[in-house]
Amino acid sequence: MTRTVTVGALVVGIAAALAAQAGKSATVKNLQMTVTAVERAEKASLRDCPPGTNTVNAMARTGEQYSNVTVAFKVLPGFSPAPMKRPLVTAADGKTYNTSVQFVDVGSVPEFSCTFAFRVPEGTKLKNIQIEGATLDVSGLEK
């Protein structure tokens, strides 16, 4: 019986370590964030986060594309609404890119998902996204 518990604890520990290495989920200031997708596209929606009435769309220029990073958010107890900076992505080559998508009224709904559009040169591979002090690995999610 002790052996089963030890093996079970080892399996749980390994799973937790692998999840931490993946970097796809983080909690900052009682806001849980999970990267769910990264897609390349010629068009992008520049909706606010959480999605509201802003419905601006954008088209990539010649030689560029959009890397659209989708992040699911869960507002945890103790979250205090405060202004949030726009996310930033870092490419595999170390260059950083900004988004025009803004956070608006975070905490107004308990769970939401946002897609952050980053205009990058064609073929750019993303490494991570930074949101409010959290760095989430996105390299394994790119299609």
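Over segment 56-143, the reciprocal of the mean inverse Cα-Cα separation, the Kirkwood hydrodynamic radius, stands at 14.1 Å.
Residues whose amide H falls under 5 Å from that of Asn54, counting only those 5 or more places apart or on a different chain, are Asp48, with hydrogens built in the peptide plane. Ranked by the mean number of other Cβ atoms within 10 Å of their residues, highest first, the peptides 81-94, 27-40 fall in the order 27-40, 81-94. Considering only Cα-Cα distances, which of the following residue pairs are longer than 25 Å: Lys29/Lys125; Lys24/Lys85; Lys24/Lys125; Lys85/Lys127? Flagged as over cut-off: Lys29/Lys125. Charging the Cβ of each Asp and Glu at -1 and of each Lys and Arg at +1, and nothing else, the dipole of segment 46-133 about its Cα centre rounds to 180 debye. Each principal axis of segment 45-98 carries a Cα extent, and these read 44, 30, 18 Å when sorted largest first.
With 0.36 nm allotted per residue and the present C-alpha distance subtracted, the Ala92-Val104 stretch has 1.4 nm of extension available.
Only the coordinates and a few stated rules stand behind these numbers; no lab work does. It should be emphasised that the depicted structure is a prediction, and the values quoted were computed from it without experimental measurement. Quick reminder, even Gly has a Cβ in these numbers, built from the backbone with ideal geometry, and neighbours come from all protein chains shown.
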